[in-house]
1. Tell me which of these Ala407 doesn't satisfy, since it passes every other one: (1) open to solvent by 40 Å² or more (accessible area, probe 1.4 Å); (2) under 30 Å from Val749 (Cβ atoms).
2. Residues that are in contact with a His (Cβ under 8 Å, 6 or more places away or on another chain), crowded, with 18+ Cβ neighbours inside 10 Å and of a type outside the set (S, T, N, Q), at least 1 per element: which helices (runs of 4 or more DSSP H) completely within the range 302-391 meet that?
3. Output the residues belonging to the range 716-753 that are within 28 Å of the chain's Cα centre (by Cα), of a type outside the set (A, V, I, L, M, F, W, C) and under 22 Å from Asn689 (Cβ atoms).
4. Can you tell me which residue within the range 167-182, out of those that are of a type in the set (A, V, I, L, M, F, W, C) and assigned to a loop (DSSP other than H, G, I, E, B), is most open to solvent (accessible area, probe 1.4 Å)?
5. In the range 500-559, what count of residues is obtained for those that are surrounded by fewer than 20 Cβ atoms within 10 Å (Cβ to Cβ), of a type in the set (Phe, Trp, Tyr) and closer than 30 Å to Asn24 by Cα?
6. Failed condition for Tyr190, given (1) more than 29 Å from His5 (Cα to Cα); (2) at pLDDT 95 or above; (3) hydroxyl-bearing (Ser, Thr, Tyr), with all others met?
7. Given the conditions (1) outside any helix (DSSP H, G or I); (2) surrounded by 12 or more Cβ atoms within 10 Å (Cβ to Cβ), report the number of the one that Arg419 does not fulfil.
8. Which numbered condition in (1) under 19 Å from Leu142 (Cα atoms); (2) touching a residue at least 60 places away in the same chain (Cβ under 8 Å); (3) small (Gly, Ala, Ser) is the only one that Gly13 fails?
Amino acid sequence: MAKAHNLGFPRIGARRELKWALENYWQGTTTRAELLETARELRTRHWQWQKEAGLESVPVGDFSLYDHVLDHSVMLGAVPERFGPTGETVDLDTMFRMGRGRAPTGEPAAACEMTKWFDTNYHYIVPELHAGQRFHLASTHLFDAVDEARAAGMQPRPVLLGPLTWLWLGKIKGADFDRLELLDGLVAVYGEILAGLRGRGVEWVQVDEPILVQDLPRDWQQAFESTYSRLAGDRPRLLLATYFGPLADNLKLACDLPVDGLHVDAVRHPEQLQPVADWLPGRKVLSAGIVDGRNVWRTDLDACLAALAPLHERRGDDLWLAPSCSLLHVPVDIDPEDGLDDELKGWLAFARQKLDELALLETALNAGPAAVAGELAASRAAIASRRASERLHRPAVRGRVAAVDAAMGERDHAYPERRERQREVLDLPLFPTTTIGSFPQTRAIRASRRDYRAGRIDRATYEAAMREHIEEAVERQEACGLDVLVHGEPERNDMVEYFGQQLDGFAFTRQGWVQSYGSRCVKPPIIFGDVSRPAPMTVDWFRFARSLSDKPVKGMLTGPVTLLNWSFVRDDQPRADTCLQLALAIREEVLDLERAGARIIQIDEAALREGLPLRRSEWQGYLDWAVRAFRVTANGVDDATQVHTHMCYSEFNDIIESIAAMDADVITIETSRSDMELLDVFEDFEYPNEIGPGVYDIHSPNIPTVAQMVALMEKAAAHIPAERLWVNPDCGLKTRGWPEVEAALANMVTAARELRARRA
């Protein structure tokens, strides 16, 4: 009998209950007990949903109050010294201080670095590693989750991030050393965890090792063999889970490891399912990730059954069916979405629906398709409806894409000549100061947007309110002394959703939230058809802001690669084709902004790095079309118009040549949490254009001092000539409050003035 199971469920809640509970706790308006009770209620509800869908066991330990990688750092006692002595156990507020720099108790400290979880828009807290580091079991949260699930009547399957993946994701602090030197101590604690789970009667443990889909050095491949041999003693049965890519050259290694089952991603790389089935010993479970855990389209159940039937015949009870990865990356439930038309809604499946699809596949395999004939027919009709729909294809859009030529991706002159024109026009000081775009989304802003959406105020009243907030943002920036201003983006609910709502080919949900990091959630739009721009999207707001100041005001746009990577994207054509459609739409907006008087236009590509394939052999193909899309977007403007782009919380040192090839006049990047480590690449690569290394960590409520920001910029000046450096925060400021923003920006402006004085 084939068996359906799940690798993980969304944590935040169908209506973001965890988000509100966390933020209320951080603000001191609720107690720790109230936060933990909300978390317990959510876990119980999610387990019950999975049980009702027909799952025999439920994953536990996939739920997190901030981030699952951070949870493992805490469990292993891997707490940096700056967070103070923790003793044998690490408390909740220490974990929060590691993630965000501050908690209701304990001293504020610099938060740990944050970066993207493989090629997703989820951010994890980077483990900090140092030579001679010791580990110990410092949290019982996984054991507690097992006991809690049992008390709720569930059969728990604990989820662990594998020791090698945790170590691989960590970053060395202090003197350099081989991270594998820490493995012995790490494996000892994992052995203790597994023994504790065995003592609780746990039958199966899911151990996630997604780095097996990446290019691994030989010593890391060998480390897998030795690590899992050491963990092969008195323990529960282990399901080794891989996802996000193909095992490729690690396939035989993964199949031969001394574990009891192997999960593979059969959505992104279905071609690996058969060779894994061939190599995996018959005594082991094969978990086929057959339902897409990363996207929102319904599964083609007929195609799945065709692929699974021969495997089921061969493996019988040892075939498990699962999502390709944790369902963390999709919204919770499509059923409450009453704003979507019936046809489009019928094409979609969120987390709860994906569990139902797995149950259908399980029944069809075990009892035969006739047992679920009605459900299969409904699925078949939805798939056929989408494939035949005229809403997907627009000849005019396809004609514009076909007409794109090389000249559309080129500026009139190279950067050195453009720089002189731009300096004449802009007349900015050394170390010019600016922000990344957004300012605090206050309660008043959110209330106006909510009232307009609900029909309680008309369009004119809403626009008047937004103009008031823009005027306030400009006044506050001028008071701080910033050199280049922004309008503050009060009208934008999200940097992707806002643009998608004004482009053809997009659809939107009301509760389709997914977790980005901590309490931060995003509601990705759905690209279902060909994309075009019916009308200007930002020009009127820009014109109004520009009328309020004599200083330069940036036009603010989201770039095509980020619109692509932060949306749920159609899967019926190559992503490169969709990206070029987006590029042409945003190019029209760029040219309209220039005609409206914008002399600086920022085109954010925060997601460029995260779209990079996990296998290096596939990088160049992606980078070629991603860079081309950006250049088509940006390069229709005059030499005197300065193009900025922004990238945040991504390691991009290994793609710096492609970033330079984007040929933006100015690039702003995150560097404050990493202490300017990202700039090390410039020791060997002479970046040709201007750069703004972030000096203010906007994801923490801590206010940086002038001295801290000056020190960071002096580090930057050791790599980049001062005349090509900008001073700016890491990212947008929408999640912060005005008091901390104004204090931090005032310090930032003072730091820039001190830097100028040092070079006078």
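1. Here Ala407 meets the rest and fails (2).
2. On the way: elements: 342-346, 351-367, 373-388.
Once the helices (runs of 4 or more DSSP H) in the range 302-391 are filtered for at least 1 residues that are in contact with a His (Cβ under 8 Å, 6 or more places away or on another chain), crowded, with 18+ Cβ neighbours inside 10 Å and of a type outside the set (S, T, N, Q), what remains is 351-367.
3. Correct list: Asn728, Pro729, Asp730, Gly732.
4. Ala175
5. Residues meeting the conditions: 1.
6. (1)
7. Tallying (1) outside any helix (DSSP H, G or I); (2) surrounded by 12 or more Cβ atoms within 10 Å (Cβ to Cβ), Arg419 fails exactly one: (1).
8. Here Gly13 meets the rest and fails (1).
The values are calculated or read from the model by the stated rules, or taken from the named source; none is laboratory data. Source: prediction; values computed, not measured. FYI the Cβ positions are ideal-geometry reconstructions off the backbone, even for glycines, and counts take in every protein chain you see. The area values use the complete protein model at the heavy-atom level, side chains included, leaving out ligands, DNA and RNA. Shrake-Rupley method; radii C 1.70, N 1.55, O 1.52, S 1.80 Å.
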